Structures are given as C-alpha cells and as structure tokens.
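Notes follow the structure.
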Amino acid sequence: MKRRGRGLASMWYPVGFTVAANPSGAVVKVNEDGTAVVLTGTVETGQGALGVLSQIAAEALGIAPNDIHIVSGDTDTCPMDTGAIASRTTYITGNAIAAAAAQARDTLFEVAAGMLGVKTSQLEAKDHKIQVKGFPARNVPIADVALRAHIVNGTPPIGSATWNPPTVPLDPETGQGKPFGTYVYATQIAEVDVDDETGEVEVLRVTASHDCGTAINPMLVEGQIEGGVFMGLGFAVQEEILFDKQGKQINCNLTNYIMPTTLDMPAVDCDIVDSYDETGPFGAKAVGEPSLVPTAAAICNAIYDAVGVRIMSLPATAEKVLAGIKAKRAAEQKQIPA
C-alpha cells in the first residue's frame with residue numbers, strides 16, 4: 001500500500017569567504033557605437049554566469065545585455081578572478097563588474113554634461129540614453145556620447161575595478177569571526193509516496209522557497225533551483241558509491257551508478273523570496289550550490305511522515321526503507337501485551 005508523506009527542511013548557506021583574500025577584477029570598455037566589452041577572469045560552467053554578468057554591466061551602463069560582449073577566462077588578457085567556485089560569481093565578480101561599469105559611465109556623464117549643459121550629478125543612464133533626472137525628454141544617445149568621448153574629448157570611457165569582501169581572519173584561539181560576506185536561506189517541502197510493501201520511494205513534488213537576494217535573472221534562478229532539486233533527489237534516494245571487500249569501487253560508471261533521469265524528476269514549485277542584500281550587486285547574493293542543500297532532508301522527513309521510519313544514511317533506497325518498516329513492525333508487535 002502506498003502511503004503519502006510530506007516533509008520540510010530549511011537551510012542557510014555562506015557566500016563569499018572572508019578568511020582569506022577572495023577578489024575579482026573587471027575591465028569595462030564602452031565602444032564608439034555605445035556597445036561595451038567586459039573583461040573578467042571568471043568562466044562559464046553552464047550556470048548562466050556570463051548572462052547574469054552581462055545584465056549587471058548593462059544595468060550600470062544603461063544599455064541592453066545584448067550590447068555587452070564578455071571576454072572571460074583568458075588569463076593572458078583578463079584580470080584576476082578567484083574562480084567560479086563557492087557560489088561567489090554573481091556576488092563578488094558581479095560587484096567588480098558593476099564598479100568598473102560605473103567608472104566607465106562616469107566618463108560618459110562628464111562628456112554628456114557638457115552636451116546637455118547640466119552637472120554630472122543630474123544625469124542617469126537608461127534605455128540607451130543619458131538623460132536628465134526627472135526630465136527624461138532632455139537626453140542624448142549613449143552612442144553619440146561614446147563617440148564624442150573617443151574622437152572629440154579624447155577620454156575613452158574605460159573602467160577597471162576589483163572587489164574583495166573585507167578580509168576578516170578568524171580568531172586563532174576561539175575560531176570565531178566573520179567567515180563569509182553574506183548568507184542565503186531556503187526552505188523546501190517534499191511530497192512523497194512510499195510503498196510499505198516494497199520500500200520504494202517516489203518523490204512527487206518539491207516546493208522550494210529561496211532567499212537569494214535580488215534575482216538578476218529570475219528564469220536562471222528557477223533553473224538553478226530545479227537543477228539543485230534534481231541533484232538533491234539523487235543524493236536522497238539513488239546515488240551511492242559501492243565497494244567490494246577489498247575496497248575497490250564496483251559501480252564506477254553510469255551503467256551501474258544510478259542517477260535520476262527526467263522520468264524521476266518531481267514537479268518543482270519555485271518561490272523566489274523578495275529580498276535585497278546591500279552588499280551585493282543590485283542586491284543580489286547567490287543560488288547555485290545552496291539550491292540542493294535542503295532537498296534530501298526534506299525527502300527523508302517526508303518518508304518519516306509517510307511510514308514512520310527514519311533513514312539515517314543516504315541514499316534512502318527501497319531496501320533501507322523496507323528494512324526500517326519491518327523493524328518498526330517487529331518492535332510494535334513486541335509491545336502488544338500477551
């Protein structure tokens with residue numbers, strides 16, 4: 001008989017380690033036609049980082065993400081970056097790019113101020129234009145400003161910046177301190193069916209609510225959350241490294257190391273919490289690795305809710321769940337008075 005259960009798990013996850021230097025550098029160059037080039041040492045590993053960084057640069061410059069050309073990962077030409085690790089790219093590299101873009105924008109403002117007859121403090125960059133705050137009809141195209149900066153004023157709009165969260169070494173005696181720049185938070189709820197005759201677990205739905213600061217690209221954030229749930233699903237109920245008595249791994253390829261497929265994937269409801277982090281670029285923090293942290297715990301809590309069995313070692317295979325159910329029944333029978 002299949003029994004349904006629901007389980008909840010919450011987590012926090014650190015972003016931007018501060019116990020050692022953790023910098024990113026960036027260079028932003030605005031071209032004569034109003035497009036821009038961004039140089040960054042970070043790399044794209046499929047998480048959508050370069051798309052997010054393009055959006056950050058574009059927002060700072062007042063142009064479109066499609067107007068941004070990113071050169072990344074080339075150690076001969078790009079500034080130093082600590083790496084696409086520890087869910088740090090949006091938070092740290094994004095801050096560096098935002099600062100470099102702001103420098104380039106300030107050069108554009110100096111040129112545009114002369115063209116519009118106002119102070120630089122009165123200007124903003126928006127929708128491919130540099131315009132007077134509160135009076136958007138008074139504007140000049142960014143492409144015209146950039147061209148004038150290059151060939152008339154002789155001040156090509158180029159910005160360079162680095163960003164490093166304040167380095168705060170831990171106390172060597174107590175281990176106390178501020179080890180990370182910021183934190184993200186999440187709660188996930190899993191709904192499962194457990195067959196109490198076979199121990200088989202089917203994960204039906206996961207509701208995932210994540211505080212990742214401002215979502216620069218909500219669609220990418222949802223994709224990261226769904227990918228994390230997928231990885232957490234494998235961790236919870238399928239993926240297991242097996243060894244023989246001599247310590248040799250016996251399931252060392254994907255024919256017998258069991259991973260979830262699309263057919264195993266539950267429905268995922270994503271909820272992006274409306275949040276803003278003052279230290280992040282435009283309020284953003286991170287979502288990459290944290291998205292898988294609560295999944296396995298939520299699934300195991302749901303199994304307990306369904307059949308009253310606590311699985312203390314992962315994955316929660318059918319064999320383990322069935323053994324737990326049998327042990328629970330045996331214990332219950334012993335409690336019946338003679």
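The values are calculated or read from the model by the stated rules, or taken from the named source; none is laboratory data. Model, not experiment: these values are computed from the prediction. Ideal geometry is used to build each Cβ from the backbone, glycine not excepted, and the neighbour counts take in all protein chains shown. Accessible surface areas use protein heavy atoms only, side chains included; no ligands, DNA or RNA. Shrake-Rupley method; radii C 1.70, N 1.55, O 1.52, S 1.80 Å.
Of note:
- Couplings 3J(HN,Hα) of segment 262-278, computed from phi: 4, 6, 8, 5, x, 5, 10, 9, 9, 10, 8, 5, 5, 8, 8, 10, 5 Hz, in residue order, whole Hz [Karplus 6.51 cos²θ - 1.76 cosθ + 1.60, θ = phi - 60°; x for Gly and Pro].
- Under the Debye formula (equal points on every Cα, no solvent term), log10 I(q)/I(0) of the chain at q = 0.12 Å⁻¹: -0.92
- log₁₀ of I(q)/I(0) at q = 0.14, 0.20 Å⁻¹ - segment 1-130, Debye sum with one point per alpha carbon: -0.67, -1.08
- For segment 62-198, Kirkwood radius (reciprocal of mean inverse C-alpha pair distance, Å): 19.1 Å
- Residue 45-residue 267 pseudo-label distance in nm [points 7 Å out on the Cα-to-Cβ vector]: 3.3 nm
- Charged neighbours of residue 91, selected by a Cβ distance under 14 Å, balance to -3 (K, R count +1; D, E count -1).
- Residues of segment 31-60 with amide N under 15 Å of the 7 Å Cα→Cβ point at residue 147: 31-35
- Cut-off under 5 Å, modelled amide H: who pairs with residue 3 long-range: 194, 195, 196
- Remark: spin-label model distance residue 226-residue 205 equals 1.7 nm, labels positioned 7 Å along the Cα→Cβ axis.
- Peptides 323-332, 116-125 ranked from most to least packed by the mean count of surrounding Cβ atoms within 10 Å: 116-125, 323-332.
- Ranked by how many other beta carbons lie within 10 Å on average, peptides 225-237, 44-56 from highest: 225-237, 44-56
- Extension gain from residue 274 to residue 183, taking 0.36 nm per residue of separation minus the Cα-Cα distance: 31.3 nm
- Net charge over other residues, Cβ less than 10 angstrom from the Cβ of residue 205 (K, R count +1; D, E count -1): -1
- Sum of -39500 (n - 2.57) over DSSP H runs of 4+, divided by residues of the chain (222 nm, nearest 500): -9000 deg cm²/dmol
- For residue 269, nonlocal amide neighbours, meaning residues 5 or more places apart or on other chains whose placed amide H falls under 5 Å from its own, are 206, 207, 208.
- Rolling a 1.4 angstrom probe over the protein heavy atoms with all chains in place gives the chain an accessible area of 51 Å² per residue.
- Virtual spin-label span in nm between residue 118 and residue 162, 7 Å along Cα→Cβ: 3.6 nm
- Share of Cα-Cα pairs in segment 130-263 lying beyond 19 Å, as whole percent: 76 percent
- The angle between the Cα long axis of helix 218-237 and the main principal axis of the chain comes to about 20°, on a 0 to 90 degree scale.
- Inter-centroid distance (Cα atoms) of segment 156-213 relative to segment 231-249, Å: 24 Å
- Shown for the chain: the carbon plus sulfur share of the solvent-accessible area, taken with all protein chains present and a 1.4 angstrom probe, equals 55%.
- Put simply, the C-alpha atoms of segment 242-338 give a gyration tensor, and the ellipsoid matching it has half-axes of 36, 24, 13 Å, longest first.
- When each of the peptides 203-211, 185-193 is scored by how many other beta carbons lie within 10 Å of its residues on average, the order from highest to lowest is 185-193, 203-211.
- Separation of the alpha carbons by more than 19 angstrom is noted, of 29/126; 129/285; 29/133; 2/334; 178/285, for 129/285; 29/133; 2/334.
- Extent along principal axes [Cα atoms of segment 107-172; Å; largest to smallest]: 58, 30, 20
- Residue-count net charge about residue 299 - beta-carbon cut-off 14 Å; Lys, Arg +1, Asp, Glu -1: -2
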